[in-house]
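To keep things clear, I will list the structure first and then write my remarks on it.
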Amino acid sequence: MGKFSFGDAPGVAEHEVINKLRESVAVNEFLFYRSGADENDWLFGEMGEVWECQCTACGQTFLEGKDRGKPPKGWTSCPRCGETVTPRRWRDRAVLDKQELSFQVFRRGAGSEIWLNGYQITRDREGQFHAWEYARAVFYPGGAQRWTRARNYIQGVLPWEERKSVALKRWHGVYGQTRENWFARISREEAKGTVMEYSQYDRALEVLSDPVEYLALYCKYPACEYIWKAGLGWMFRARERDRGGFQKCVNLRAKTPHGLLRGFGKTDVKALRGMTYFGHAEAYRRLREAGAILADGDGVEYAGAVADAGERVREYCFDHARGVYKYFRRQKKRSGLSYGNLLRDYGDYLIEIDEIGGAGEMWPDDLHAAHERLSARLRRKKTAQSNSDFRARRRLLNRYRFAWHGMLIRPIDSETELIREGEMQMNCVAGYALRHKEGKTAIFVLRRRDKPREPWCTVEFSEKDNKVRQCRAYRNGNAPPEAQEFVRQWLAHNEKIRTGHVRREKFA
């Protein structure tokens with residue numbers, strides 16, 4: 001059994017909650033209007049045209065004379081109460097149904113305890129707010145308790161039930177949509193002498209997604225206060241997604257503030273302030289214990305880069321901490337790159353060594369230059385294999401070679417030539433490399449016989465139906481008329497070859 005019962009909470013009237021809500025939340029107020037008649041006009045009766053208005057800010061429904069020069073759609077404030085409003089047609093009062101939110105209110109208890117009441121806030125068509133309490137929690141020295149209840153259309157309001165965990169109870173809709181949540185802050189004067197006085201709850205409300213869970217943690221471990229005061233509030237943000245990392249880094253059972261951080265000394269606190277999650281802190285701690293880095297900005301940057309590096313590089317950095325740090329510090333001075341970029345480049349460099357067959361220096365004097373050399377070597381190796389596949393494809397397509405009236409056409413020779421063709425012709429033919437190599441299409445080059453090495457037109461050919469899908473000149477322009485006539489002659493020639501009525505023409 002807990003220390004309190006949900007019935008021990010101080011009573012709160014609904015109007016008090018609504019007043020707190022208006023003080024804490026910027027709610028959109030509306031002025032609804034429609035055409036009407038002034039029944040009190042004894043002279044004109046129903047002929048006296050007016051605007052019938054309803055203001056949600058002051059709750060008044062009133063009549064306003066029609067002024068053709070200033071219709072209600074241009075009003076920015078209520079003519080009765082002067083509050084800022086958004087004018088809407090009377091039929092649009094359904095927007096009030098959508099003004100649903102969760103609202104958490106702190107209240108002081110009889111002793112040092114603090115109660116938190118959670119309300120579901122709705123609004124009716126008259127603009128009135130309604131509060132229904134669905135969650136309740138109490139915070140006291142040494143612990144916290146929480147109760148919730150629910151309601152539905154079949155069973156109605158269900159009884160209060162105590163929950164094991166103390167965390168923020170959010171309001172979820174039928175389709176899982178979460179209502180916006182707000183807190184009514186408690187003043188420092190109200191918190192004085194209570195469990196919340198030194199909890200740093202104002203900071204928690206600003207930065208944490210679940211300040212309720214934090215307050216429960218503080219009640220159990222008041223040492224949380226010193227984490228904030230040390231400038232390490234990010235640890236509570238990180239705890240919400242990595243509790244294991246928090247436990248490795250922080251010892252809330254410590255008897256003194258100096259024992260709060262596991263494996264960290266006084267000089268490390270300033271360095272830890274610049275971090276954002278526990279992976280960086282753990283890498284920093286290990287490197288500090290190995291004597292590799294100092295408690296300075298350079299050490300923090302390097303530790304963060306190590307934490308974010310690939311597993312293989314990270315192992316090198318931890319297993320040979322001092323030597324590897326000195327190596328990357330030299331590389332940083334030489335290249336001007338950040339540690340993060342250097343460690344990523346080194347990871348790529350190791351992969352390339354594996355792909356090339358292990359032929360490479362593990363710790364080159366100039367990492368950037370060595371990486372470039374190995375990348376170029378690997379590209380040549382891959383290109384050589386690809387070019388070999390292209391030449392095999394060329395041998396199959398040689399039957400379509402053709403020359404006519406000073407022009408010739410032939411299949412592309414290699415991937416290197418295909419890339420060069422695309423660059424010089426300013427088109428995207430290089431993107432057809434894989435499809436050409438796999439036989440899904442066929443790329444040919446159309447040249448003038450007196451300029452066989454100079455790109456002129458690029459042709460995509462379909463063997464299956466003997467059709468030219470594309471014949472493009474420079475910058476994807478249309479082929480000149482003589483090239484188009486050549487293509488017609490070429491296709492006619494190909495058709496004769498396919499039917500066996502002509503022998504393939506030979507040309508050099």
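The values are calculated or read from the model by the stated rules, or taken from the named source; none is laboratory data. Given the structure is predicted, the values throughout are model-derived calculations rather than measurements. Don't worry about glycine lacking a Cβ; one is built from the backbone with ideal geometry, like all the others, and counts go over all protein chains shown. Protein only, heavy atoms only, side chains kept; ligands, DNA and RNA dropped before computing areas. Shrake-Rupley method; radii C 1.70, N 1.55, O 1.52, S 1.80 Å.
Pairs are defined by a Cβ separation below 9 Å, a sequence spacing of at least 6 or placement on different chains, a first member in the stretch 324-344 that is polar (S, T, N, Q), and a second member that is crowded, with 16+ Cβ neighbours inside 10 Å and not in a helix (DSSP H, G or I); the pairs so defined are GLN331/LEU337. If the condition is being among the polar types (S, T, N, Q) and either assigned to a helix (DSSP H, G or I) or open to solvent by less than 80 Å² (accessible area, probe 1.4 Å) (or both), then the stretch 63-95 contributes SER77, THR86.
From the list GLU126, GLU189, GLU162, GLU133, the lone residue that is part of a strand (DSSP E or B) and either open to solvent by 40 Å² or more (accessible area, probe 1.4 Å) or in contact with an Asp or Glu (Cβ under 7 Å, 6 or more places away or on another chain) (or both) is GLU162.
Every residue in the stretch 353-387 that is closer than 28 Å to GLY431 by Cβ, open to solvent by 50 Å² or more (accessible area, probe 1.4 Å) and either in contact (Cβ under 8 Å) with a residue 60 or more places away in the chain or among the hydrophobic types (A, V, I, L, M, F, W, C) (or both), please. Across the stretch 353-387, the qualifying residue is only ALA384. All conditions in (1) closer than 30 Å to LYS381 by Cβ; (2) over 27 Å from the mean Cα position of the chain (by Cα); (3) part of a loop (DSSP other than H, G, I, E, B) hold for LEU294, with the sole exception of (1).
Counting only helices (runs of 4 or more DSSP H) wholly contained in the stretch 324-425, the ones carrying 1 or more residues that are touching a strand residue (DSSP E or B) at 6+ places or on another chain (Cβ under 9 Å) occupy 367-397, 415-425. Scanning the stretch 266-283 for residues that are surrounded by fewer than 15 Cβ atoms within 10 Å (Cβ to Cβ), more than 30 Å from the chain's Cα centre (by Cα) and in contact (Cβ under 8 Å) with a residue 12 or more places away in the chain returns a single hit, THR267. Taken over the stretch 110-123, the criterion of being aliphatic (A, V, I, L, M) and either crowded, with 17+ Cβ neighbours inside 10 Å or over 17 Å from GLY7 (Cα atoms) (or both) is satisfied by ILE114, LEU116, ILE121. Evaluating GLU421 against the criteria (1) over 30 Å from GLY323 (Cβ atoms); (2) open to solvent by 30 Å² or more (accessible area, probe 1.4 Å); (3) touching a helix residue (DSSP H, G or I) at 6+ places or on another chain (Cβ under 7 Å); (4) not hydrophobic (A, V, I, L, M, F, W, C) leaves one unmet condition, (2).
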